[in-house]
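First the structure, in the form of structure tokens, and then the observations on it.
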Amino acid sequence: NVLILDFGSQYTQLIARRVRELNIFCEIFPYNKIPEDLSSFKATILSGSPFSVRAEDAPHPDLSQIRGKMPLLAVCYGAQYLAHFDGGEVAPSNIREYGRANLSFVDDHDPFFEEVALNSQVWMSHSDTIKKLPTNGVRLASTKDVENAAYRIEGEKTYAIQFHPEVYHSTDGKQMLENFLVRIAEVPQNFTPNAFVEEIVAELQEKIKGDKVVLGLSGGVDSTVAAVLLNKAIGKNLYCIFVNNGLLRKNEFQNVLDQYKGMGLNVKGVDAADRFLDQLAGIEEPEAKRKAIGRVFIEVFDDEAHRIEDVKWLAQGTIYPDVIESISVKGPSATIKSHHNVGGLPDFMKLKIVEPLRMLFKDEVRRVGATLGIDPELLGRHPFPGPGLSIRILGDITKEKVRILQEVDAIFIEGLKSHGLYDQVWQAGAILLPVNSVGVMGDERTYEKVVALRAVESTDGMTADWVHLPYDFLMKISNEIINKVKGVNRVVYDISSKPPATIEWE
Ligand code: XMP
């Protein structure tokens with residue numbers, strides 16, 4: 001297990017992902033919440049930071065339980081931190097040190113640089129520079145502009161680097177992380193999907209014992225993998241609930257429910273479409289829609305959870321990025337739980353919480369899912385928002401609008417699949433605009449709805465770019481939609497990136 005101390009760098013999660021790619025388990029902690037018991041950690045990595053070590057309010061944690069007691073790798077801010085407080089000197093740099101650089105000197109006898117090219121490309125991102133190494137510091141590498149690009153501390157397994165090995169532009173970055181963690185720190189590479197499954201199943205059995213657990217399935221990857229893991233651990237004591245809010249994709253409720261049953265899950269499908277649509281009637285404002293859906297979902301789920309006698313646990317498909325966000329240096333973002341505060345907590349939210357995936361990144365959830373034998377098609381599904389089609393129907397929602405959008409969406413998604421484009425796209429869907437436009441069909445003039453198609457590339461939804469779908473494909477899909485879906489006479493394609501636009505239109 002490796003400890004990553006976060007000083008607020010935008011790259012901290014990337015460090016964790018690179019370490020995990022080496023099949024080494026690691027956990028991120030904010031610099032001001034260092035765990036008291038460090039006995040399970042075999043090495044520590046210090047992240048970068050937006051701060052200057054010379055600033056009064058910069059992170060200055062006490063590392064006395066770490067430094068010299070276990071192998072330590074200090075990245076960027078971390079490297080400056082060690083220098084600044086231990087006899088070295090950190091000062092503003094005269095030249096901008098940002099972007100690609102090449103190593104110009106490397107101590108190739110040091111195991112840290114084993115199998116690293118002598119002029120390897122590295123990624124710099126800092127405005128301070130280390131003018132003088134700390135006490136017992138030994139220079140290991142330089143670039144043209146940065147003399148002290150890497151150093152170690154004599155007599156310790158402490159290494160420090162000014163550049164960012166976690167960023168892909170650092171060509172040998174992963175090799176350096178491997179050199180530090182495997183060759184120098186001798187951390188075992190035993191974190192594999194199989195090992196995770198084995199360990200978490202035992203842990204869940206130990207924790208839950210003979211209790212009953214309730215879990216809300218959404219059709220998405222996270223809740224599905226969480227359910228299959230729990231099912232493996234506790235079998236029929238897992239009660240899954242899959243709610244139809246009437247805003248799912250066409251035929252999705254029945255198809256996914258059948259799929260869940262086929263996987264041996266103890267699942268109850270609850271068709272609450274009318275209840276949701278009743279409560280949504282006349283609501284136009286996007287946040288009001290989200291709140292209404294959140295409220296009804298909680299009511300429906302609470303009713304169902306009450307039917308399970310003596311249930312003790314609520315399982316959730318929370319994954320590691322959510323956990324990091326909630327404990328981050330900056331603190332949880334203020335908006336996350338707004339709707340949970342309305343009118344006190346429903347009973348099911350007073351249950352004990354179990355989150356089998358809380359230590360995994362999304363790609364790891366998929367790999368665990370594959371190990372568990374879950375259908376690759378299910379694991380490769382695009383993300384779909386909780387409020388479903390409601391936020392893709394601009395303005396108020398009616399049954400007829402949902403029907404139109406479901407038809408359009410199905411043609412688009414099926415088309416992506418049959419043309420081999422689905423897996424190149426991170427998320428796709430259709431939007432029903434509150435606009436009628438004039439068209440002509442046969443001899444008749446029509447005045448019908450406009451739909452927009454949206455397909456984006458992204459890694460985490462935070463930024464996104466529109467996908468350059470082939471014109472021929474767009475032409476076919478547009479024709480098919482207008483010919484087959486009554487009520488639509490015009491199709492447009494959204495060519496906005498995020499930022500400044502968002503993925504959803506509401
Ligand atoms: P935006 O529109 O903010 O979307 O660029 C980013 C990602 O978040 C999804 N999204 C939601 N997911 N509830 C959800 O569960 C919501 O209210 C919601 N709004 C947006 C969106 O589909 C995209 O993947």
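Structure values in brief
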| item | result |
| --- | --- |
| Stokes-Einstein diffusion coefficient of region 242-290, Kirkwood radius over Cα pairs, 10 °C, 1.306 mPa s, in µm²/s | 131 |
| Rg over Rh [alpha-carbon atoms, Kirkwood Rh] for region 2-184 | 0.92 |
| Whole-percent carbon and sulfur share, accessible surface of region 97-161, 1.4 Å | 45 |
| Spin-label model distance (nm) - residue 480 vs residue 102, 7 Å beyond Cα toward Cβ | 5.0 |
| Charge-dipole axis of the chain as Lys and Arg at +1 and Asp and Glu at -1 on Cβ define it, positive-most pick from 323, 234, 24 | 234 |
| Whole-number percent relative contact order across region 2-184, with pairs defined as alpha carbons under 8 Å at least 6 apart | 21 |
| Heavy-atom accessible area per residue - region 221-298, 1.4 Å, Å² | 42 |
| Whole-number Å³ per residue for the convex hull built on Cα positions in the chain | 174 |
| Packing rank of 301-311, 40-50, where each peptide gets the mean count of other beta carbons within 10 Å, highest leading | 40-50, 301-311 |
| Kyte-Doolittle at least -1.0, axis length at least 20 Å by Cα - qualifying DSSP helices, the chain | 193-208, 286-307, 399-418 |
| Proximal charge balance of residue 476 [Cβ under 15 Å; K/R count +1, D/E count -1] | -1 |
| Inter-centroid distance (Cα atoms) of region 247-284 relative to region 41-119, Å | 52 |
| 10 Å-binned pair-distance histogram of region 106-151 (Cα, whole percent) | 24, 54, 22 |
| Spherically averaged projected area of region 193-379 from its Cα convex hull (nm²) | 11.5 |
| Computed over region 450-506, the ratio Rg/Rh where both radii use C-alpha atoms and Rh is Kirkwood | 1.03 |
| Whole-Hz couplings from phi, Karplus 6.51/-1.76/1.60, listed for region 138-146; x for Gly and Pro | 10, 5, 10, 7, 9, 10, 4, 9, 10 |
| Peptides 435-447, 284-296, 155-167 ordered by average Cβ neighbours within 10 Å, highest first | 155-167, 284-296, 435-447 |
| Cα-based reach from residue 476 at 16 Å (exclusive), listing lysines while leaving out same-chain residues under 8 positions away | 417, 484 |
| Nearby lysines by direct alpha-carbon distance to residue 212 (threshold 26 angstrom, same-chain neighbours under 8 apart not counted) | 232, 236, 261, 268, 312, 337, 350, 352 |
| Selected from 149, 188, 81, residue furthest toward positive end of dipole (the chain; charges at beta carbon) | 188 |
| Taking the C-alpha atoms of region 42-97, convex hull volume expressed per residue in Å³ | 90 |
| Rounded to whole Å, sorted largest first: equivalent-ellipsoid semi-axes of region 398-493, Cα gyration tensor | 25, 15, 12 |
| For region 212-340, size of Cβ-based charge dipole, Lys and Arg +1, Asp and Glu -1, in debye | 360 |
| Protection proxy ranking, peptides 360-370, 318-328, 67-77, average beta carbon neighbours within 10 Å, highest first | 67-77, 360-370, 318-328 |
| Relative contact order %, the chain, counting alpha carbon pairs below 8 Å whose residues are six or more apart | 10 |
| Student exercise, the chain dipole from Lys, Arg, Asp, Glu Cβ charges, in Debye to nearest 20 | 560 |
| Largest-first principal axis extents, alpha carbons of region 180-250, Å | 56, 33, 14 |
| 462, 359, reordered so the largest accessible area comes first (probe 1.4 Å) | 462, 359 |
| Extreme residue, positive dipole direction of the chain, given options 269, 497, 60 (C-beta unit charges) | 269 |
| Whole-Hz ³J(HN,Hα) from phi, Karplus 6.51 cos²θ - 1.76 cosθ + 1.60, for region 265-272, glycine and proline x | 7, 7, 10, 10, x, 10, 8, 10 |
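The values are calculated or read from the model by the stated rules, or taken from the named source; none is laboratory data. The model shown is predicted, which means the values in this text are computed figures rather than measured ones. Neighbour counts are summed over all protein chains in view; Cβ atoms, including those assigned to glycine, are modelled from backbone coordinates with ideal geometry. Remember, those area values only see protein heavy atoms, side chains included, never the ligands or the DNA or RNA. Shrake-Rupley method; radii C 1.70, N 1.55, O 1.52, S 1.80 Å.
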